[in-house]
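This report concerns only the one structure given below.
The values are calculated or read from the model by the stated rules, or taken from the named source; none is laboratory data. The shown structure was predicted, so the numbers you read here are calculated from the model rather than taken from an experiment. All Cβ positions, glycine included, derive from the backbone under ideal geometry; neighbour counts span all protein chains shown.
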Amino acid sequence: MPLGLLGTLGICTVLYIAVCLVVTGMVRYTDLSEGDAVAQVFRQVGLGWAGVLIGLAAVAGLSSVILVDIVAMGRIGFALARDGLLPPVFSRVHPRFGTPVLMTSLTVAGVAVMAALVPLSTLAEMVSIGTLFAFLVVSIAVPVLRRTRPDMPRPFRTPLSPVLPIVSGVCCVALMSSLAVDTWLRFLVWLAVGLAVYFFYGRRHARSAESSERAVT
């Protein structure tokens, strides 16, 4: 799995750099569109049909990403409920398909409402700050767990720890600091909601907490 992830990131990086070189070679970089740069470039050079195909491919790609995210969110909610961090009703699965139908349905409804009412640029920044914050937490957790849980089984060990996690965390903070103030305010509200759910419900019902209490008694 680590080799597959690193290999995929390497291939994607090379492809993105190659696309940037081709695009900036076709038109001046100041003429690039912020919304659909690649498709717009082909329209500017008189290849409108290629721009249409690229636009269709972009829509198909975004659709697949949205579907994957919806499936992942349903499973994340299921795992949180199974561990006691959310009410157990969210851990129920469909008797036939074996999927967390309630959590998935709520995710789809939430995505549909936000897509209809919230501007795309705002959603994009919210996704960016949420993803960067998750990466920041992981970067901090790596050296912390190395010190607090040295005997934990590790199929994959992060190289150059703690230097690499620190560099990763600094990069995440730098990217987050470039986002708009409104995005930070929305993020803080969502973070406060999540912390409230944890401290008022999840902390008392978590499986780990129950196990600790049983061990003490």
| query | Taking the stated definitions as given, is PHE90 of a type in the set (Phe, Trp, Tyr), in a helix (DSSP H, G or I) and farther than 28 Å from THR183 by Cα? | reply | yes
| said: So VAL52 passes all but one of these: (1) closer than 29 Å to ARG186 by Cβ; (2) in a helix (DSSP H, G or I); (3) touching a residue at least 12 places away in the same chain (Cβ under 8 Å). Which condition number does it fail? | reply: (1)
| Quick check: is even one residue across the stretch 61-84 at positive phi, outside any helix (DSSP H, G or I) and not assigned by TED's automatic domain parsing to the domain that holds GLY194? | yes
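Could you tell me which of the residues VAL19, VAL101, VAL45 is without any contact (Cβ under 8 Å) to a residue 60 or more places away in the chain and closer than 30 Å to ALA196 by Cα?
VAL101
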| query | Has the stretch 25-32 got at least one residue that is in contact (Cβ under 8 Å) with a residue 12 or more places away in the chain, acidic (Asp, Glu) and part of a helix (DSSP H, G or I)? | reply | yes
| query | For the stretch 112-217, list the helices (runs of 4 or more DSSP H) that sit wholly inside it and hold at least 2 residues that are surrounded by 10 or more Cβ atoms within 10 Å (Cβ to Cβ) and of a type in the set (D, E, K, R); which are they? | reply | 120-148, 181-197, 207-216
